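What follows is calculated from the coordinates using simple rules that are stated; it is not laboratory data. Everything numeric here is computed off the predicted structure, so don't read it as measured data. Heads up, the Cβs are rebuilt from the backbone with ideal geometry, glycines too, and the neighbour counts pull from every protein chain shown.
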């Protein structure tokens, strides 16, 4: 069973410390929000449901991604009082990850208490299945926690790509099959989030 204990907060009066993985509480929270606040919203993707993905300890707190029919967001949930920054509801703060700095908004819900979220996708119309959304969430989590290569490595990678490109010009290219989608690099994906 997931337990949370209250602890005084200088900014908010009280909040919950989650000593155990809050993934189940995240799902309960977002499922309730879905039923009470989002049920008739036209942007919902009927192929998707609420799912908490890959919640794990990060700097003493809980970090994970929630997939819903209307959004996909990275969540920070307090795992202790050390280094937790209280923001207040709908107040923004920036959090530094290996991939860069990202803006999080403060929220509060009955099941979780205070938490913070960073939107990755909204609306969710581009996803055709729950599996596709969950795989994207997992890839996003890996990208968030992976530092970009140093400048020298990127320069070497660019030179290698140019060399491959000149070789590729001499090799016949097979036209793409209908339905193929271009891959989005995780660096490109997360550079959109950092703005």
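When the strands (runs of 3 or more DSSP E) confined to segment 52-129 are screened for residues that are touching a strand residue (DSSP E or B) at 6+ places or on another chain (Cβ under 8 Å) and crowded, with 19+ Cβ neighbours inside 10 Å, those reaching at least 3 such residues are found at 61-67, 72-77, 100-109, 113-121.
Rundown of residues vs (1) free of Cβ contacts under 8 Å to residues at least 12 places away in the same chain; (2) more than 30 Å from residue 151 (Cα to Cα); (3) over 18 Å from the mean Cα position of the chain (by Cα), yes/no style:
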{"site": "40", "(1), (2), (3)": "yes, yes, yes"}
{"site": "43", "(1), (2), (3)": "no, yes, yes"}
{"site": "46", "(1), (2), (3)": "no, yes, yes"}
{"site": "59", "(1), (2), (3)": "no, no, no"}
{"site": "66", "(1), (2), (3)": "no, yes, no"}
{"site": "118", "(1), (2), (3)": "no, no, no"}
{"site": "124", "(1), (2), (3)": "no, yes, no"}
{"site": "136", "(1), (2), (3)": "no, no, no"}
